[in-house]
Amino acid sequence: FDAVGTVEKLLGVFREPFTIDGRELILTTSIGVAVFPDNGESATDLLRNADAAMYQSKEAGRNTYSFFTKQMNAMILRRLEIEEQLYGALERGEFEVCYQPKINLRSGRIMGAEALLRWHSSVMGSVSPDEFIPIAEHTGLIVPIGKFVLAQALACLKEWGRASGQEYTMAVNLSPRQFRDQDFIDYVKQSLRTSGVAPERLEFEITEGVLLIGQACVDDILTGLHALGIKLSMDDFGTGYSSLSYLRRYDFDLLKIDRSFVGGITTNKEDRDLVTATIAMAHSLNLEVVAEGVETADQLNVLCKLGCDVAQGYHFSKPIPARELMDYRLTDSCMVGG
Ligand code: C2E
Ligand code: MG
Ligand code: MG
């Protein structure tokens, strides 16, 4: 049986557009191949392994095929263990919310923070959100976990305001899955009420991926949140697909430039040109620009010159626990030039 020949033929068919109702549609295919008996002796094992190989193809940019490998097996086992350990992690108190300060570049002062979730698993040790959030989304556990993050973040903001006498803002990341939760808006309203935080002090960060799912509930929830007075921020800008049309379609208040561009602004002309153009475009759409992942004084200097509004990153501080945030102060050496 010639798997490669069959797969190539399938991919070939999908390279041509399909004509439906007079419109040309292009579909991509991602194929995973598992071979009997090396990659499994039962249909269940073979399908599971072909599925893992298919994910590999998607990650490789779609429209391709991958054979199952031993490393994929290790990946599946790790995913399964994370999934298993995620159940009950909230109840066992294994989550902590850390906060990364955000600095207003015009005033040179702290203006707020972003809440970032940390998981200290009793069995697996610390697991990065990039690894466990997608699994929490997949299982739906992100719904209760997301509620926990919001409650913690609002309580922290309240406390921070009391301790400093300042009106700071708090940014909280949202997952697509949370939009499907019927009482999400009600939960947000109620949380604002119990914490006594004004809606304008809360920002929700949403990645383009959320919008890509293109469900009606996304429109309803974004409109609902905006009507409450909460700020909406487009996270990881520049890494997704049709960012510009989303910016026009939804009422975003802020745009966060992905740290992969910020990392290159002092060394790579293309990155600097892209950041320059993004800031100009965002400003003409009345959006404030936040640069994430600022690690050096040189990067900060360039961002100030380009008119970027807000910055966050290791140059100022890593994400820190709530009690450290209360004592966080900017040092003079952080704010250079400008
Ligand atoms: P994000 O929202 O884009 O968060 C920024 C990430 O960059 C954070 O990673 C932060 O620790 C990291 N970072 C900040 N400054 C620097 C820097 O100067 N250099 C470098 N190299 N990295 C920096 P983290 O905390 O690992 O979070 C990863 C992602 O996980 C977040 O990306 C966000 O999409 C997601 N996430 C984190 N917490 C939550 C949450 O409570 N809910 C949801 N839905 N997603 C979350
Ligand atoms: Mg974020
Ligand atoms: Mg980001």
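Could you quote the convex hull projected area for the range 3-70, Cα atoms only and averaged over all directions, in nm²?
Here the figure is 5.3 nm², rounded to one decimal.
With a cut-off of at most 12 other beta carbons within 10 Å, and DSSP calling the residue loop, which chymotrypsin sites (Phe, Trp or Tyr not before Pro) in the range 49-122 qualify? Please list them.
Y87
Counting only C-alpha contacts under 8 Å and six or more residues apart, can you give the relative contact order of the chain as a whole percent?
Working: 519 pairs, mean separation 42.7, N = 338.
Once divided by the residue count of the chain, the mean separation gives 13 percent.
Compactness ratio of the range 70-140: Cα Rg over 2.2 N^0.38 Å, N = residue count?
1.45
Could you name the lysines whose alpha carbon sits less than 27 Å from that of K58, not counting residues in the same chain fewer than 8 places away?
K9, K70, K256
Once the Cα gyration tensor of the chain is diagonalised, what are the square roots of 5 times its eigenvalues, in whole Å and ordered largest first, as equivalent ellipsoid semi-axes?
Whole-Å semi-axes of the equivalent ellipsoid: 38, 25, 21.
In nm², what is the average projected area of the convex hull enclosing the Cα atoms of the range 42-88?
Result: 3.9 nm².
Note down the relative contact order for the range 31-171 as a percent, whole number, built from C-alpha pairs under 8 angstrom at least six residues apart.
Contact order relative to length: 17 percent.
What do you get for Rg/Rh over the range 196-304 if you use C-alpha atoms and the Kirkwood form of Rh?
Ratio of gyration radius to Kirkwood radius for the range 196-304: 1.00.
Alpha carbon centre of the range 280-338 versus the range 129-188: separation in Å?
22 Å
Pull up the cross-link candidates among the lysines for K189, meaning alpha carbon to alpha carbon under 21 Å and not fewer than 8 places away within one chain.
K147, K158, K231
Can you list the residues of the range 58-74 with backbone N under 14 Å from a point 7 Å past the Cα of R48, pointing along Cα to Cβ?
72-74
Which value in nm describes the separation of the simple spin-label points at A277 and S128, placed 7 Å from the Cα toward the beta carbon?
2.9 nm
So what's the back-of-envelope 222 nm ellipticity for the chain, counting only DSSP H runs of four-plus at -39500 (n - 2.57) apiece and dividing by all residues, rounded to 500?
-14000 deg cm²/dmol
Take the eigenvalues of the Cα gyration tensor for the range 22-177, scale each by 5, and report the square roots as semi-axes in whole Å, largest first.
Square roots of five times the eigenvalues give 40, 21, 13 Å.
If contacts are Cα pairs under 8 angstrom and at least 6 residues apart, what is the relative contact order of the range 176-284 in percent?
Relative contact order comes out at 22 percent.
In the range 245-298, what trypsin sites (Lys or Arg not before Pro) fall in a loop by DSSP, with at most 16 other Cβ atoms inside 10 Å? Before the final figure, lay out the partial values.
Values: sites: R248, R249, K256, R259, K269, R272; in loops: none.
Sparse-neighbourhood loop trypsin sites (Lys or Arg not before Pro): none present.
Every number in this text was worked out from the coordinates using simple rules, so none of it is lab data. Quick caveat: nothing in here was measured; it's all calculated off a predicted structure. With ideal geometry, Cβ positions are generated from the backbone for all residues, glycine too; neighbour counts draw on all protein chains shown.
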